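Participant: Sending over a structure as structure tokens; questions will come in a sec.
The values are calculated or read from the model by the stated rules, or taken from the named source; none is laboratory data. Note that the structure is predicted; figures quoted are calculated from it, not measured. Here the Cβ positions follow ideal geometry from the backbone for every residue, glycine too, while neighbour counts run over all protein chains shown. Only protein heavy atoms, including side chains, enter the accessible area calculation; ligands, DNA and RNA are left aside. Shrake-Rupley method; radii C 1.70, N 1.55, O 1.52, S 1.80 Å.
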Amino acid sequence: MTSDSSISEAAPGAAAPAEAGAAVRPYPFSTATGLGMDPLYGYLREREPVARIRMPYGGEAWMVTRHADARLVLGDARFSMAAGAGKDVPRPTEQLLEPGGLVAMDPPEHTRLRRLAGGAFTHRRVEGMRPSVTALTHRLVDGMTAAGPSADLLEAIALPVSIGVICELLGVDYEDRHVFQRFSDALLSTALPPEEVRRAGEEFVGYLARLVAERRESPTDDLLGAMVQARDDDDRLSENELYMLGAGLLVGGYETTATQIGNFAYLLLRDRRLYASLVEDPGLIRGAVEELLRFTPLTTVDGYARIALEDVMVGGTLIRAGEAVFTSVAAANLDPEAFPDPERLDFTRERNPHLGFGHGIHYCMGAPLARLEIQVVLEVLTRRLPGLRLAVPAADVRWQPGLLLRVPERLPVTW
């Protein structure tokens, strides 16, 4: 199934394309609205693939927009996340990248921690969770339809599936979800001052400390229990690493997956022929998930900087040691050099090396679990609710402002 759905429509206030070799461009180029991308990304990818930009905080940086260049920057050890952690480097928000978490580490520390937590996300272990995720999704659909005839798909399905799965994996009480949701909302905000984010972080660390203390008193066989054992018995974690890793897994393990489920459902129902194609042929679902991961921009801004540790040539441009580089994954995923007819949603695309989960050592550790959850939700929805549709015109879906993630405020559906 293919569709001409486009995400490159101009956002309100979009910057007009500049001539190649123009002065440093201020970033962000415009305010992200819905799933639309500023057309300047396409212009840069074609004419100026390694562009000079000025961030709201920390000064000037480079931005790459082509797929090959993005893979280089994301995968080459000469570009470091750790080098920018805790420092006033170029960045899109006031909040600094905190040192100590996986995303702010380089090898060998990163390798040690990733190996410790990564065992929970092996393909075999994740596939073993498919029956329980399927059963959970069926229960949620039962509850949603019983309360019908319409619902907010985010609140009824996307959030409880992703939160329920990560709670089960880590051994966290689902009833405590409000605690880490508050922390996640603060962490992902582009509007909150750093002191408020810090306060939310302190509350969350206090919550984690209680969970850790409980496991020290009564060991458990869940992932958090294994991390406590690695800290206390094997001395493979510092206390700070224990908390940072726990926080990253708990928050990162649900927020982006819930967002992806909601955004993918929006696209499938905005052009309902796409949803109908999955109803008619469930065999398309896995390919559809990969294509939606490629096609759909997840964030409103382009992440954290990587700092060049030495001079590196990228796309014919010399990046000097110490300079910051941003990769636009969303732009790279629309590169026609990597994806023929990239603005077309094609669920039968044979080769799809998208960067939806990143690339290199910081490739999303939870990617197998996120894939499984999205596949299961689409499988259950298309089987149980073949008539699912938006309850309002697509243009009336409102998007949450002031967040790092693109996500609707509500996704009203009916069946």
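Participant: Would you call VAL172 assigned to a loop (DSSP other than H, G, I, E, B), under 29 Å from GLU373 (Cα atoms) and hydrophobic (A, V, I, L, M, F, W, C)? Can you show your working first?
Facilitator: Details: assigned to a loop (DSSP other than H, G, I, E, B): yes; under 29 Å from GLU373 (Cα atoms): yes; hydrophobic (A, V, I, L, M, F, W, C): yes.
Here the answer is yes, as VAL172 does meet what is asked.
Participant: Further question: Taking the range 227-237 only, how many residues are assigned to a helix (DSSP H, G or I) and free of Cβ contacts under 8 Å to residues at least 60 places away in the same chain? Break it down stepwise before answering.
Facilitator: Within the range 227-237, the subset assigned to a helix (DSSP H, G or I) is 227-232.
Remaining after also requiring free of Cβ contacts under 8 Å to residues at least 60 places away in the same chain: 228-229, 231-232.
Within the range 227-237, residues that are assigned to a helix (DSSP H, G or I) and free of Cβ contacts under 8 Å to residues at least 60 places away in the same chain number 4.
Participant: List the helices (runs of 4 or more DSSP H) that sit entirely inside the range 238-337 and contain at least 1 residues that are surrounded by fewer than 22 Cβ atoms within 10 Å (Cβ to Cβ). Give the steps one after another, and end with the answer.
Facilitator: Numbers: elements: 239-252, 255-270, 272-280, 285-295, 329-332.
Filter on the range 238-337 gives 239-252, 255-270, 272-280, 285-295.
Participant: Can you name the number of the only condition in (1) within 23 Å of the chain's Cα centre (by Cα); (2) modelled with pLDDT of 95 or more that LEU388 fails?
Facilitator: (1)
Participant: For the subset of the range 72-122 comprising residues that are open to solvent by 40 Å² or more (accessible area, probe 1.4 Å) and β-branched (Val, Ile, Thr), which member is farthest from the chain's Cα centre (by Cα)?
Facilitator: Applying the filter and picking the extreme gives THR111.
Participant: What number of residues in the range 199-210 are closer than 15 Å to VAL251 by Cβ and either more than 26 Å from the chain's Cα centre (by Cα) or β-branched (Val, Ile, Thr) (or both)?
Facilitator: Residues in the range 199-210 being closer than 15 Å to VAL251 by Cβ and either more than 26 Å from the chain's Cα centre (by Cα) or β-branched (Val, Ile, Thr) (or both): 1 in total.
Participant: Would you please list the contacts, defined by Cβ atoms under 7 Å and residues six or more apart or on different chains, that run from a residue in the range 24-43 that is without any contact (Cβ under 8 Å) to a residue 60 or more places away in the chain and open to solvent by 10 Å² or more (accessible area, probe 1.4 Å) to a residue that is of a type in the set (A, V, I, L, M) and in a helix (DSSP H, G or I)?
Facilitator: Listed pairs, sorted by first residue: PHE29/LEU40.
Participant: Name the one entry in LEU159, LEU192 that is open to solvent by 10 Å² or more (accessible area, probe 1.4 Å) and either assigned to a helix (DSSP H, G or I) or modelled with pLDDT of 85 or more (or both). It would help to see each step written out before you state the result.
Facilitator: Numbers: LEU192 fails: either assigned to a helix (DSSP H, G or I) or modelled with pLDDT of 85 or more (or both).
Matching residue, one of LEU159, LEU192: LEU159.
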